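To keep things clear, I will list the structure first and then write my remarks on it.
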Amino acid sequence: MNPLHPDISRREWLKGAAALSIAAPATLRANERAPNLHFPIRPRDRLAVTSWPFRAYIESPTNRGRDQSKPGMDLKEFAAMIAKRFGVHNINPLSDHFSSTTPDYIAELRAAVGKAGSHVVDLGLGGKSFADPDAAKRKAAIEYGQKWIDIAVALGSPSVRQHLRPPAVVDIAAESLGKLAEYGSKQNIIVNLENDSAISEDPYFILHVLEKVNSPYLRALPDFGNSIQGHDEEYNEKAVNALFKYAYGMSHVKDKVQSKGTSYKINVAKMFDIAKANSYRGYFSMEVDTASEDPFEGTQALVALSLKCLA
């Protein structure tokens with residue numbers, strides 16, 4: 001049974017957001033309804049696995065991370081593999097890992113995910129120039145996002161994660177992303193922004209954009225570990241806490257990050273406590289840092305740790 005049901009009215013959502021301090025913008029636009037999703041409660045059902053750590057194994061013409069020395073699989077096989085290996089029935093695949101975006105392939109992918117008893121709970125999109133001085137490039141970025149929102153609808157995914165390229169200019173990025181969020185609102189698809197790139201996706205840059213756009217369909221995707229790079233544990237925790245106030249349906253779980261020869265360890269239990277303190281009810285997607293550990297062993301360990309923290 002698909003855990004995503006449009007059974008929460010706008011009034012109920014607003015009431016719940018106020019009572020639970022869910023990351024809702026202070027004032028919803030009069031012509032924009034709120035997200036209308038119901039998330040599972042059982043800890044294992046709240047877990048997902050992103051395809052990024054398994055990029056070495058995924059066959060796709062746009063996957064630059066493929067390692068031909070390793071056995072390959074099409075993305076259509078990914079959900080079944082994740083379900084069998086880890087007992088997790090939610091995935092969030094990356095756009096670069098799709099063999100095709102034709103309607104036939106998307107239909108086949110959805111059927112394969114369904115056959116595995118699984119669901120697509122987020123799509124990870126590539127970086128686009130939403131703040132570029134060139135209006136044509138901004139228009140291309142919006143159209144790219146709209147295309148993948150349509151694919152999200154076809155796959156039954158409630159959201160997309162949109163990466164941002166530099167330059168990082170709040171007003172220009174907010175104008176473009178506001179248009180993308182408006183498009184998503186018409187199809188009940190949320191656009192998530194992740195704290196990934198140190199410049200264009202700095203956590204506080206993302207927060208400024210979210211505040212400027214002020215749409216319930218433009219949300220934060222807090223990554224447990226990305227913001228520790230070049231900083232420290234205290235900075236990371238403050239950044240993740242701030243992002244969870246604007247999160248709705250997706251977060252990425254990491255326990256280690258290795259960057260430029262420096263290894264960072266993430267206090268995963270503390271990150272889950274922060275999510276709980278912000279009344280976050282969405283999914284937690286396992287995203288092992290492959291510079292630190294094997295994707296299979298690392299994902300198994302993350303699943304076990306996440307279940308312990310959610311118990």
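The values are calculated or read from the model by the stated rules, or taken from the named source; none is laboratory data. From a predicted model like this one, the values you see are computed outputs, not experimental measurements. Counting neighbours? That spans all protein chains shown, and the Cβs are built from the backbone with ideal geometry, glycine included. These area figures cover heavy atoms from the full protein model, side chains too; ligands, DNA and RNA do not enter into them. Shrake-Rupley method; radii C 1.70, N 1.55, O 1.52, S 1.80 Å.
Quick notes on this structure:
- Rolling a 1.4 Å probe over the protein heavy atoms leaves Glu233 with an accessible area of roughly 90 Å².
- Choice from Ala80, Ala168, Ala291 with maximal GNM fluctuation in the chain (Cα, 10 Å cutoff): Ala291
- Spatially proximal aspartates and glutamates relative to Lys212 (Cα-Cα < 18 Å; intrachain offsets below 8 disregarded): Glu32, Asp132, Asp171, Glu175, Glu182, Glu194, Glu201, Asp202
- Listed by chain and number, the aspartates and glutamates whose alpha-carbon sits under 13 Å from that of Lys115, ignoring those within fewer than 8 places in the same chain, are Glu77.
- Quotient of C-alpha Rg and 2.2 N^0.38 Å, computed over the chain: 0.93
- Top positive-direction residue, dipole computed over segment 78-225 with Cβ charges, set Gly225, Thr101, Leu210: Thr101
- Residue-normalised accessible area of segment 128-194, given per residue in Å² at a 1.4 Å probe: 38 Å²
- Lysine pair number, Cα distance threshold 22 Å (strictly under), segment 230-290, separation 8 or more or different chains: 15
- Amide H to amide H, with H built 1.01 Å from N, Met250 comes under 5 Å of Tyr283, counting only residues 5 or more places away or on other chains.
- Beta bridges per DSSP with both ends in the chain, % antiparallel, nearest 5: 15 percent
- Per-residue ³J(HN,Hα) for segment 143-157, Karplus 6.51 cos²θ - 1.76 cosθ + 1.60, θ = phi - 60°, Hz, x for Gly and Pro: 5, 4, x, 5, 4, 6, 5, 4, 5, 4, 4, 5, 8, x, 7
- If the Kirkwood radius is taken over C-alpha pairs of segment 58-139, then at 37 °C and 0.692 mPa s the Stokes-Einstein diffusion coefficient equals 232 µm²/s.
- In this structure, the amide hydrogen of Gly124, modeled 1.01 Å from its nitrogen in the peptide plane, lies closer than 5 angstrom to those of Leu94, Ser95, Arg161, counting only residues at least 5 positions away or on a different chain.
- Entry note, the chain: the mean residue ellipticity at 222 nm calculated from DSSP H runs of n ≥ 4, each adding -39500 (n - 2.57), is -12000 deg cm²/dmol after division by the residues and rounding to the nearest 500.
- Heavy-atom accessible surface of the chain: percent carbon and sulfur, 1.4 Å: 52 percent
- Given their separation in residues at 0.36 nm each and the Cα-Cα distance between them, Thr101 and Val153 gain 17.4 nm when the chain is fully extended.
- When +1 charges are put on Lys and Arg Cβ atoms and -1 charges on Asp and Glu Cβ atoms, the dipole computed for the chain relative to its Cα centre reaches about 700 debye.
- Computed over all pairs of different Cα atoms, the Kirkwood value for the hydrodynamic radius of segment 229-311 is 13.3 Å.
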